[in-house]
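Written below as C-alpha cells is the structure these notes are about.
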Amino acid sequence: MKFKDSLIGVDVSLALCAQTEPDLYFPEGTAGSITRQVLEAKKLCFECPILNLCFESAIKTPMIEDWGVWGGTSRNERTTMRRKPHVLKEHQKKIKEAEDANRIEEKAA
Ligand code: SF4
C-alpha cells in the first residue's frame, strides 16, 4: 500500500490504489512503460472516492521523497502546480468535475 502520514484518519480502505496494483502508482521501467503506467494510475485516481483528500494532501505536504502518482498527478505535475496557481486551479476544477460525475453515477446505480 502507499499512503502518506497525512492521510492518517482518512478511511484509506476506500483508496483505489489499496484495492488495485500499488506498483502502478510508483512506475518503473522504460520511458514508454512509465508513461503508460502513470496514465493508467491517474485514470484510476479520478474514480477514487478520496481523490480530493489525497490530492490536497500531496500538494500541501512538503515531502522529502515526492514521487509517484497521487491524487491524479505525477511528481512533475505537482511541482508545476506548486509554482503555477492557474495549473493548480485547473486540476482542482477537474477533481470537482470528476467527483460530481462519480456522485451522479453512484445515484444512478
Ligand atoms: S487518488 Fe489515487 S493515489 Fe490517491 S488514494 Fe486514490 S487511487 Fe490512491
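Restricting to DSSP H runs of at least four residues, report the calculated mean residue ellipticity at 222 nm for the chain, -39500 (n - 2.57) per run over all residues, nearest 500 deg cm²/dmol. Present the calculation step by step, with values, prior to reporting the outcome.
Values: 5 runs with 62 residues, N = 109.
Result for the chain: -18000 deg cm²/dmol, rounded to the nearest 500.
For segment 39-53, just list the computed ³J(HN,Hα) in residue order, Karplus coefficients 6.51, -1.76 and 1.60, θ = phi - 60°, integers in Hz, with x standing in for Gly and Pro.
4, 5, 5, 4, 4, 5, 4, 6, 10, 7, x, 10, 3, 5, 4
With θ set to phi - 60°, apply the Karplus curve 6.51 cos²θ - 1.76 cosθ + 1.60 along segment 82-88 and write out the HN-Hα couplings as whole Hz, x wherever there is a Gly or Pro.
Per residue, the Karplus-derived 3J(HN,Hα) values read 5, 9, 10, x, 5, 6, 4 Hz.
Give me the compactness ratio for the chain, meaning the Cα radius of gyration over 2.2 N^0.38 Å.
Working: Rg = 13.6 Å, N = 109, 2.2 N^0.38 = 13.1 Å.
With N residues counted in the chain, Rg over 2.2 N^0.38 Å equals 1.04.
In the Gaussian network model of the chain, springs joining C-alpha atoms below 10 Å, which of Ala41, Ala58, Ala18 carries the largest mean-square fluctuation?
Answer for the Gaussian network model of the chain: Ala18.
So which residue, out of Ile95, Ile50, Ile34, gets the largest mean-square fluctuation from a GNM of the chain using Cα contacts under 10 Å as springs?
Ile34
Every number in this text was worked out from the coordinates using simple rules, so none of it is lab data. As the structure is a computational prediction, the values presented were derived from the model and not from experiment.
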